[in-house]
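Only the coordinates and a few stated rules stand behind these numbers; no lab work does. Quick caveat, the model's predicted, so the values are computed rather than measured. When we count neighbours, we look across all protein chains shown, and the Cβ atoms used for this are built from the backbone with ideal geometry, even at glycine.
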Amino acid sequence: MTKSTSSLQINIADISFKKPAAPIKTPILFEAKNLKKSYRNKIVVHDISLQVGVGEVVGLLGPNGAGKTTAFYLITGLINPDRGQFFFKGQEISHLLIHQRAKMGMGYLSQEPSVFRQLTVEENLLCILETLPIKAQERTNRLKNLLEELHLTPLAKKKALTLSGGERRRLEITRALITQPCFLLLDEPFANIDPIAVHDVKLMIRHLQNKGISILITDHNAREIFSIVNRSYLIQEGRVLLSGTVDDLLKNKEARTNYFGEHFKL
């Protein structure tokens, strides 16, 4: 892995991740109700319900095999539930396909690498921009704005295969923003990147939240998740074990026994 040469600089005043983010109360943007999904008679997601408010960052935590990624696939429309409903912007979207949900303002970053390695950073963004029904000048302007806003301009001409893990992750998140989503799902954004890059990704998440974008995020790094989310859901064996603020989860005996461990500290 190539080491990043510099940390991302986003102009946000008084950014600190030393304390958990405070809970916020905003109107509901997205809601999933009573989701169920089985594979070969094995229930992977069992009666999961969750909500994400406007401009809220919500964590989805749980051990391996708990059903987190499957829940993400269900929400985005990559797979269909056996049972359950989805509501987005006040409308039921259970019947909509993934591209239809994307048009409504839903974005998704998978845990698998998604950049085109032989293309430059600029070309990676352009190949998505060119699929949008916009004029050439607007495409050029949007590319320039994205590169500048998320500080990718110095990397614009570099091939993706030469980027560090953190730089690739920044590029992947930027690509997910091309369609201008108001709700973004991030599946393990901190995986396989160094601590400096983790901090950069957290800055990006806080920056997007300050712009009013809602985010649902899952990752195995509970400490990093807790430093940016307003609240979280903890799932186990396909069910919601507990939901609430960081304090709610850490004070819960069942959560500490089954997931965090008795010695877990922020």
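General remarks:
- Between 0 and 90°, nearest 10: helix 136-149 axis offset from the chain longest Cα axis: 70 degrees
- Helix 195-210 axis versus longest C-alpha principal axis of the chain: approximately 90°, rounded to the nearest ten.
- Label-reachable residues, segment 114-130, where backbone N falls under 15 Å from a point 7 Å from T153's Cα toward its Cβ: 122
- Placing dummy labels 7 Å off each Cα toward the beta-carbon, the span from K25 to D248 is 1.4 nm.
- Sites A191 and L266, calculated FRET efficiency, Cβ-Cβ separation with R0 25 Å, nearest 0.05: 0.80
- Each label was represented as a point 7 Å from its Cα along the Cα-to-Cβ direction; for R83 and N41 these points are 1.8 nm apart.
- If R0 is taken as 25 Å, the Cβ-Cβ distance between I128 and K211 corresponds to a FRET efficiency of 0.85.
- DSSP finds beta bridges in the chain, and of those with both partners inside it, around 60 percent are antiparallel.
- Within segment 85-233, percent of DSSP bridges classed antiparallel, to nearest 5: 25 percent
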